[in-house]
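The values are calculated or read from the model by the stated rules, or taken from the named source; none is laboratory data. Predicted, not measured: the structure shown is a model, and the values here were computed from it. Glycine also receives a Cβ, built like all others from the backbone with ideal geometry; neighbour counts cover every protein chain displayed. In case anyone asks, the SASA skips ligands and DNA or RNA and just uses the protein heavy atoms, side chains included. Shrake-Rupley method; radii C 1.70, N 1.55, O 1.52, S 1.80 Å.
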Amino acid sequence: MITILDTLTILAVSAGTLFFIAGTVGLLRFPDVLTRLHALTKVDNLGLGLVVLGLLPHASGLLGALKLVSVWLLALISGAIVTQLIARAIR
Amino acid sequence: MNSATLFGLCSAALVGLGLFGLIVRPEPLRKILAFNLLGSGVFLFFGVVARRGAAAGLGADPVPQALVITGIVVSFSATALAVALVLRLRKLTDEVTSGLGAASKAQEDGDHS
Amino acid sequence: MTLNEPDMHNTANAPAHRISSAFARSAGFLAFWLILTGLSAADIPAGILAAAIASWTSLLLLPPGRQKLHPILLVRMLMRFLHQSIVAGFDTAWRALDPRLPLRPGVKIYRPESPAGTTRSAFCTMASLQPGLLPSGFNKDGDLIIHCLDVSWPVAQQLAGEEARFLQALGRVESHG
Amino acid sequence: MTIPFAFDIGTAMLLIAVGGWMMVAQGTMVAVIIFVVYGLLMAIAWVRLSAVDVALTEAAIGSGITGMLLLSAAARLRQTEVTSTLPSFPIRLLSGVLCAAITSGLAVVVLLPADVAPTLAPMAMANLPETGLGNPVAGVLFAFRALDTLLEKVVLLLALLGVWSLAPDRLWGGVPALDSYAPPNDILVFFAQVLPPFGIVFAIYMTWTGASNPGGAFQGGTVLAVMWLLVMMAGVVRAPPISCLRLRWLLVAGPVLFLMVGLAGFALAAGFLAYPAGYAKPLIVVVEIGLALSIGATLGLLAAGPPERNHQP
C-alpha cells in the first residue's frame with residue numbers, strides 16, 4: 001500500500017535523480033571547466049537536497065532526520081569551498 | 001549467478017588488468033597505480049570469500065574482512081614508501097642531469113662526516 | 001599560527017566573551033555528536049569529551065570575533081540563501097538541458113565590502129551557490145573575480161545586496177574603505 | 001533478474017571499465033583522478049558484499065588518503081615528466097596473454113567453488129560475547145587476531161621510518177614540505193578553520209562506535225590524519241619537525257599501549273594479547289583510542305613525505 005509519505009518519497013527522489021541527470025548533461029555539454037563547475041555544484045546540490053528530502057519520512061526519528069540533513073549540509077559546504085579552490089587553481 | 005560470483009569474476013578481471021599495467025606501463029607512478037589496482041582486485045576476491053562464508057546471522061565472514069582492512073592499511077604504507085622513493089629518485093636524476101649532482105653530493109658527505 | 005580573524009583592531013577579547021563562545025560551540029558539537037549516535041546514555045560521556053576537544057580545536061583555529069550575531073536576520077538570510085540555491089539549481093539545470101545551450105560565460109570583478117579573512121571567505125562561499133556565479137580567487141588589487149554563466153546578469157548589484165544583508169546579520173557595521 | 005542484481009552488474013562492469021581506463025589513460029594526473037573514482041566505486045562494491053567496515057576503510061584510506069598522496073606526487077612529477085616508451089609489441093602481447101591466463105584461472109576458481117564454503121563466522125560469533133564487543137570485525141581485529149593488528153601498526157611505523165630515511169642527511173630532523181600551498185586569506189584557510197572540529201567529532205565517533213558498529217580505529221585515525229593534513233596544507237598549523245619528541249611519542253603511543261596490554265595478558269589472563277575476563281571491552285576501547293591517535297599521526301606523516309627543509313625554531 002502506498003501512503004502519502006511514500007508518494008512524497010518517490011516524487012522527491014525521482015526529481016532529485018532528474019537533477020543529477022541534468023547536472024551530468026551539463027557536465028558533458030558545457031564548454032569549459034569553469035562552466036562545468038557550475039553544473040556540477042549547483043545542480044547536484046539541489047539533486048542531493050531532493051533525495052535527502054525524499055528520505056526524511058523514512059528516517060528513524062528526529063535525530064535520524066537531522067543526520068540526513070547534516071549529510072546534505074556538509075556536502076553543500078564542502079562542494080561550495082572545493083569549487084572555489086578548483087576555479088582558482090585553473091583560472 | 002549471484003552477486004558474490006559476479007564480483008568474483010570482476011576481481012579476476014581487475015587482477016589481470018593490474019598485472020598487465022604493472023608489466024607494460026614504464027612510468028614509476030603508473031606502476032604504483034597498477035599495483036594498487038592489482039591489490040584491490042585481490043582484496044575484492046577476499047570479499048567474495050567472506051560473502052560466501054556468510055553464516056551465523058552475519059552478512060559475511062568477519063575474518064577475511066578483518067584481513068582486508070589490515071591489507072588496505074599495509075598497502076597504503078607500501079604506496080607511501082614507493083611514492084617517496086620515486087620522488088627521491090626523480091630529484092637525484094634531475095640533480096645529476098643538470099650537473100648539480102656532484103656539488104650537492106659533496107655537501108651531503110660533508111655533513112655526514 | 002597565522003590567523004587573520006578576528007579583526008585586526010580587536011586583539012584583546014573579553015574572557016567572558018571567550019567563555020560564552022566556548023560554551024556555545026561545545027553545545028553545537030555535542031548536538032552534532034547526538035545526531036551521529038542518537039540518544040543513548042552510554043555514549044554521552046564520550047560525546048562530552050569529543051565536544052570539548054572539538055571546541056578547543058575550533059577556538060584555536062578560529063578565535064571568536066566580537067561581532068554580535070542577529071539571530072532573526074541570520075535565519076532570514078539562511079532562508080533566502082536556501083531559496084537562492086534552489087533557484088540556482090533550477091537555473092543551471094535549465095541551461096544544461098536547453099537545446100540551444102543559453103550560456104554567455106565570462107568574468108566580472110566585484111569589490112567586496114567584508115573584511116579580508118574568515119568573513120570574506122564565508123561570503124565567497126555563500127556567493128558560490130548563488131545562481132550563475134562562481135568566485136574564483138582575487139586579482140592583484142584584492143578584488144573578487146566572479147565567473148558568471150551569463151555576463152548580462154547584474155552581478156555587482158546582486159552581490160552588493162547579498163553582502164549588505166550578510167554583514168548586517170553578522171552584526172558588523174558597514175565601513176567603506 | 002532483480003534490481004539489486006542489475007545494480008551489481010552495473011557496478012562490476014564500471015569497476016572493470018574504470019580500472020582499464022586507469023591503465024591506458026594519457027597523463028599520470030588523469031590516471032590518479034580516475035584512481036580516486038575507482039576507489040569510491042570499490043567502496044560501493046564492498047557495501048554490496050555486506051562488508052561495511054571494509055567499505056569505510058576503502059573510502060577513507062584506499063580512495064581518500066592514497067588519492068591525496070598520489071595527486072600531490074603526480075603534481076610534483078608533472079614538470080619533469082619524461083615520455084617513456086611502451087615495451088615492444090611482442091612483449092605486450094605476451095604479457096597480455098599471461099594476464100588473461102591468470103584472470104581465467106581466477107575466474108575458474110570463482111565459478112567452481114567448494115561444496116561447502118569455508119567460514120569462520122560461526123566460531124567468531126560464538127566467542128564474540130566473551131569480548132563484550134558487538135562488531136564481529138572489531139572482535140577479529142582486536143581479540144581473535146590481535147597479533148596481526150599489532151604487527152600491522154609496527155609495519156606502519158617501519159614504512160614511516162623508510163620514508164623519513166629518504167631525506168638527505170642534512171635535512172634529517174627537518175620539516176615535511178606541506179605548508180606552501182595556500183596564500184593568506186585564502187578560501188583553503190577558511191576550510192581549514194571550519195571543517196576540522198567537525199572532523200574530530202566524527203573521528204571520535206568512528207573510533208568509539210567501532211566496538212559495536214562498523215567503524216573503528218583505522219577509519220577514525222584516517223579522518224584525523226586528513227584533518228591534520230588539511231590544517232597543515234592551509235598553513236593554519238605548521239608541520240612539525242620530525243625530530244619533535246612529542247610527535248615521536250604520539251607515533252608510538254598506540255602500539256606501545258597495545259603491546260603493554262598484550263604483555264599484561266601473561267600475568268592477568270591466558271597469555272600474550274589475551275584479555276582478563278570481563279575487562280575485554282574497556283581494554284579494547286582504550287587500545288583503539290590510543291591506536292586512532294597514533295594511526296592519525298602516522299598516516300598524516302606518511303602522506304606528508306620525507307622532510308624537505310630544515311627546522312627553524
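Here are some notes:
- Qualifying residue in region C:47-61 (condition: more than 26 Å from C:LEU159 (Cα to Cα) and at pLDDT below 85): no
- Pairing residues of region D:12-40 that are in the same structural domain as D:GLY67 (by TED's automatic domain parsing) with residues that are of a type in the set (S, T, N, Q), at Cβ distances under 6 Å and at least 6 apart in sequence or on separate chains, gives D:VAL36/D:SER63; D:GLY39/D:SER63; D:LEU40/D:SER63.
- Total residues in region C:44-63, condition more than 7 Å from every other protein chain (Cβ to nearest Cβ) and farther than 14 Å from C:ALA27 by Cα: 2
- Scanning region C:34-51 for residues that are outside any loop (DSSP other than H, G, I, E, B) and open to solvent by 50 Å² or more (accessible area, probe 1.4 Å) turns up C:ALA41, C:ALA42, C:ILE44, C:PRO45, C:ILE48, C:LEU49.
- Within region D:272-290, being charged (D, E, K, R) and closer than 12 Å to D:ALA253 by Cα holds for one residue alone: D:GLU288.
- Residue ID - nearest to the other protein chains (Cβ to nearest Cβ), chosen from residues in region D:91-117 that are outside any helix (DSSP H, G or I) and surrounded by 12 or more Cβ atoms within 10 Å (Cβ to Cβ): D:ALA117
- All conditions but one from (1) facing another protein chain (nearest Cβ under 9 Å); (2) at pLDDT 85 or above; (3) open to solvent by less than 70 Å² (accessible area, probe 1.4 Å) apply to A:ARG29; the one that does not is (3).
- From the list B:ALA4, B:ALA13, B:ALA66, the lone residue that is more than 26 Å from D:ALA74 (Cβ to Cβ), open to solvent by less than 40 Å² (accessible area, probe 1.4 Å) and in contact (Cβ under 8 Å) with a residue 12 or more places away in the chain is B:ALA4.
- Residue match in region D:43-51 (condition: open to solvent by 40 Å² or more (accessible area, probe 1.4 Å), under 22 Å from B:GLY71 (Cβ atoms) and among the basic types (Lys, Arg)): yes
- Within the span defined as region B:17-32, one or more residues are within 7 Å of chain D (Cβ to nearest Cβ), under 18 Å from D:LEU71 (Cα atoms), of a type outside the set (Val, Ile, Thr) and assigned to a helix (DSSP H, G or I).
- Members of region A:34-48 that are open to solvent by 10 Å² or more (accessible area, probe 1.4 Å) and either more than 15 Å from A:ILE77 (Cα to Cα) or without any contact (Cβ under 8 Å) to a residue 40 or more places away in the chain (or both): A:LEU34, A:ARG36, A:ASP44, A:ASN45, A:LEU46, A:LEU48
- Some residue of region C:97-106 being at the interface with another protein chain (Cβ under 10 Å from one of its Cβ atoms), under 20 Å from A:SER78 (Cβ atoms) and touching a Leu at 6+ places or on another chain (Cβ under 7 Å): no
- Out of D:GLY139, D:GLY134, D:GLY199, sole residue that is in a helix (DSSP H, G or I), closer than 25 Å to C:LEU36 by Cβ and modelled with pLDDT under 80: D:GLY139
- Odd one out for D:THR57 among (1) more than 10 Å from chain B (Cβ to nearest Cβ); (2) modelled with pLDDT of 90 or more: (1)
- Residue selected from region D:38-54 under the condition over 17 Å from the mean Cα position of the chain (by Cα) and outside any helix (DSSP H, G or I), by the criterion farthest from the other protein chains (Cβ to nearest Cβ): D:LEU49
- Among the residues of region D:22-37, those that are closer than 19 Å to B:SER11 by Cβ and facing chain B (nearest Cβ under 10 Å) comprise D:MET22, D:MET23, D:ILE34, D:PHE35.
- Qualifying residue in region B:85-102 (condition: modelled with pLDDT under 90, acidic (Asp, Glu) and not in a helix (DSSP H, G or I)): no
- Residues located in region D:146-179, provided they are surrounded by fewer than 19 Cβ atoms within 10 Å (Cβ to Cβ), of a type outside the set (A, V, I, L, M, F, W, C) and over 23 Å from D:ARG238 (Cα atoms): D:ASP148
- Whichever residue in region A:49-60 is part of a helix (DSSP H, G or I) and open to solvent by 50 Å² or more (accessible area, probe 1.4 Å) and, among such residues, is nearest to C:SER85 (Cα to Cα): A:LEU53
- Among the residues of region C:26-62, the one identified as closer than 30 Å to C:PRO115 by Cα and in contact with a Leu (Cβ under 7 Å, 6 or more places away or on another chain) is C:ALA51.
- Leading residue by the ranking (surrounded by the most Cβ atoms within 10 Å (Cβ to Cβ)) among those in region C:107-130 that are farther than 18 Å from C:LEU69 by Cα and facing another protein chain (nearest Cβ under 10 Å): C:SER128
- Scanning region D:190-248 for residues that are over 20 Å from the mean Cα position of the chain (by Cα), polar (S, T, N, Q) and crowded, with 22+ Cβ neighbours inside 10 Å turns up just one, D:GLN193.
- Conditions (1) without any contact (Cβ under 8 Å) to a residue 24 or more places away in the chain; (2) crowded, with 24+ Cβ neighbours inside 10 Å; (3) basic (Lys, Arg): number failed by B:ARG88: (2)
- Test: residue in region D:290-304 that is at positive phi and open to solvent by less than 80 Å² (accessible area, probe 1.4 Å): no
- Residue list for region D:186-211, filter: β-branched (Val, Ile, Thr) and at the interface with chain C (Cβ under 8 Å from one of its Cβ atoms): D:ILE187, D:VAL189, D:VAL194, D:ILE200, D:VAL201, D:ILE204, D:THR209
- Residue pairs meeting the criteria (Cβ under 7 Å; at least 6 apart or on separate chains; first more than 8 Å from every other protein chain (Cβ to nearest Cβ) and more than 14 Å from A:LEU48 (Cα to Cα), in region A:63-87; second surrounded by fewer than 19 Cβ atoms within 10 Å (Cβ to Cβ) and not β-branched (Val, Ile, Thr)): A:ALA65/A:LEU56; A:ALA65/A:ALA59
- Here A:LEU40 does not fit the description of being touching a helix residue (DSSP H, G or I) at 6+ places or on another chain (Cβ under 9 Å), more than 8 Å from chain C (Cβ to nearest Cβ) and modelled with pLDDT of 90 or more.
- Any chance B:THR79 is among the hydroxyl-bearing types (Ser, Thr, Tyr), within 27 Å of B:LYS31 (Cα to Cα) and either in contact with a helix residue (DSSP H, G or I) (Cβ under 9 Å, 6 or more places away or on another chain) or within 7 Å of chain D (Cβ to nearest Cβ) (or both): yes
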